[in-house]
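K.L.:
Shown below is the structure under consideration.
The values are calculated or read from the model by the stated rules, or taken from the named source; none is laboratory data. No experiment lies behind these values; they were computed from the predicted model shown. When we count neighbours, we look across all protein chains shown, and the Cβ atoms used for this are built from the backbone with ideal geometry, even at glycine. These accessible areas exclude ligands, DNA and RNA; they are computed on the full protein's heavy atoms, side chains included. Shrake-Rupley method; radii C 1.70, N 1.55, O 1.52, S 1.80 Å.
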Amino acid sequence: MTDIPDDHPRAQSLRTRHRIEDGVEKGITSKQGLIAEGRGEAFDYLLGERTLPSADAAERAAAAQLLLADHPVLSVNGNVAALVPAEMVELADVTGADLEVNLFNRTEERIEAIADHLREHGAEEVKGLAADERIPGLEHERAKVDADGIYAADVVLVPLEDGDRAAALAEMGKTEIVVDLNPMSRSPQAAAIPVVDNVMRAIPNVTEHARDLADAPAAELERIVEEFDPDEALAAAERALRTLDDD
Ligand code: PTJ
């Protein structure tokens, strides 16, 4: 990997690109993941590569929702595995969630490579290999989930999701937390808690909020979730994109 000086104005984004490239080379990330990263980068650039106050509120609500859940599951795809493997393991630990590999471009080799990669970053159990249930209403490969994982979950965190699967999971009655830099994409619009932020900033911040809320009574967690308004969060992010406001 080329050395990127810290004072390079685009240092963070160049490092992110290298992580995605590495992911492709290791067989973790799909080639389409490179395109998805480019798309995300453009939105992040317009947002000023920072967490908006509305995204921070969404991240706090996401933490509260994960702590309230009976069976939370964090879904991991090829981009997420390349960008935030240790951070996803940490969030799963702090919230008592399962980790499940669930891919848009599913191959057994990539599922195995991602599960191994997560284990190398400290995961004890990784779901997604059994694939013994199906999300109704989705074409074959994308629908494969574990019966005791996403299929049985009440709350699912789905970062960088494609719209169809996000809608199908919502249709199953799951409470969805979606991380996506594009507030106009169908996946955050299907989510109970849309987090419009870079997954590299969002996941550690959800973990920090979860640590902060770990001893909070259920009534306080419920209040945080109830007070969060998804439409307002999406509108604030879109305003920030269109006007370059501090929303
Ligand atoms: O690993 P797989 O096979 O499951 O495939 C994963 C990708 C991401 C390739 C697949 O789900 C896909 O093609 O997704 P899309 O339809 O390109 O959507 C990805 C969304 O994530 C877009 O709205 C991007 O703006 C957004 N995005 C990209 N990078 C980031 C991001 N959002 C948050 N943080 C990022 N770093």
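K.L.:
At a Förster distance of 51 Å, what's the computed FRET efficiency of ARG186 paired with GLU125, Cβ-Cβ distance as r, to 0.05?
P.N.:
Between ARG186 and GLU125 the formula returns 0.95.
K.L.:
Looking at the stretch 67-110, which GluC sites (Glu not before Pro) are DSSP coil and have at most 15 other C-beta atoms within 10 Å of their C-beta?
P.N.:
none
K.L.:
Quote the charge dipole size of the chain about the Cα centre in Debye, to the nearest 20; the model charges only the Cβ of Lys and Arg (+1) and of Asp and Glu (-1).
P.N.:
720
K.L.:
Give me the number: length gained by fully extending ASP93 to LYS31, i.e. 0.36 nm times residue separation minus the C-alpha to C-alpha distance, one decimal in nm.
P.N.:
19.3 nm
K.L.:
I've got another one for you. Provide the FRET efficiency to the nearest 0.05 for the ARG10-GLU171 pair, computing r from the beta carbons and using R0 = 35 Å.
P.N.:
Working from the Cβ atoms, E equals 0.30.
K.L.:
Return the loop-located trypsin sites (Lys or Arg not before Pro) in the stretch 1-78 (DSSP other than H, G, I, E, B) with at most 16 other Cβ atoms within 10 Å of their own Cβ; answer none if there are none.
P.N.:
Of the trypsin sites (Lys or Arg not before Pro), the ones in loops of the stretch 1-78 whose Cβ has at most 16 other Cβ atoms within 10 Å are ARG10, LYS26, ARG50.
K.L.:
As an exercise, use a Förster radius of 22 Å and the Cβ-Cβ distance of ASP70 and ARG134 to find the FRET efficiency, rounded to the nearest 0.05.
P.N.:
That pair, ASP70 with ARG134, gives E of 0.50.
K.L.:
Determine the equivalent ellipsoid of the chain by diagonalising the alpha-carbon gyration tensor, then write out the semi-axes as square roots of 5 times the eigenvalues, largest first, rounded to whole Å.
P.N.:
Rounded to whole Å, the semi-axes are 24, 24, 17.
K.L.:
At 1.4 Å probe size, with the rest of the protein present, what percent of the exposed accessible area of the chain is carbon and sulfur atoms?
P.N.:
Roughly 47 percent, rounded to a whole number.
K.L.:
Where in the stretch 38-54 is the amide nitrogen less than 17 Å from a point lying 7 Å along the Cα-to-Cβ axis of ASP229?
P.N.:
53-54
K.L.:
Kindly report, to the nearest 10 Å², the accessible surface of HIS121 as traced by a 1.4 Å probe over protein heavy atoms only.
P.N.:
70
K.L.:
For the chain, what's the relative contact order in percent, using C-alpha pairs closer than 8 Å and at least 6 residues apart?
P.N.:
After rounding, I find 23 percent.
K.L.:
So what's the gap between the Cα centers of the stretch 85-120 and the stretch 189-226, to the nearest angstrom?
P.N.:
20
K.L.:
Right, something else. Given a 1.4 Å probe and heavy atoms of the protein chains only, how would you sort MET184, MET88, largest accessible area at the top?
P.N.:
Per-residue accessible area, sorted high to low, gives MET184, MET88.
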